[in-house]
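Let me begin by presenting the structure, written as structure tokens, before commenting on it.
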Amino acid sequence: MAGDALAAHARDELGMSETTSARPVQAALTSALTFATGAAMPLVTALIVPTAHLIPALFGSSLLFLALLGTLGARAGGASAWKAMTRVTFWGAAAMAVTAAIGMMFGTRL
């Protein structure tokens, strides 16, 4: 405490140290990589599925990939895999439904 009382308090009382501090650049790069990976999965589906079945295949595969990535993210972070998978899949489906509804309002076709 004689040299730096604030650093000693942060280390001893709060458990904060150099090894547990945030790493924003690492977090940003990891986020970019996982986003690109998640976006590539439906693109691969679009390349291999016949055009007549494209919309249902993309909807289903996107939900499947969201569930998978939600589970992996929860396990990596030490959270409940079931809760994360359910939350990510539900809100992903809701976002797709809202997007489809807006598209229908403006006269686009599915």
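The values are calculated or read from the model by the stated rules, or taken from the named source; none is laboratory data. Computed from a prediction, not measured in an experiment: that's the story for all the values here. Cβ coordinates were reconstructed from backbone atoms using ideal geometry, including for glycine residues, and neighbour counts include every protein chain displayed.
Structure above, values below:
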quantity	calculated
Any hit, segment 88-100, residues being β-branched (Val, Ile, Thr), surrounded by 11 or more Cβ atoms within 10 Å (Cβ to Cβ) and without any contact (Cβ under 8 Å) to a residue 12 or more places away in the chain	no
Residue count for segment 85-110, restricted to those that are out of contact with any Leu (no Cβ under 9 Å at 6 or more places or on another chain) and assigned to a helix (DSSP H, G or I)	11
Among the residues listed as Leu69, Leu58, the single one being touching a helix residue (DSSP H, G or I) at 6+ places or on another chain (Cβ under 7 Å) and under 18 Å from Ala100 (Cβ atoms)	Leu58
Identity of the residue in segment 83-108, of a type outside the set (A, V, I, L, M, F, W, C) and over 15 Å from the mean Cα position of the chain (by Cα), that ends up farthest from Leu69 (Cα to Cα)	Gly107
Helices (runs of 4 or more DSSP H) contained entirely in segment 1-79, each with at least 2 residues that are among the hydroxyl-bearing types (Ser, Thr, Tyr), at pLDDT 80 or above and on the phi < 0 side of the Ramachandran plot	24-48, 54-77
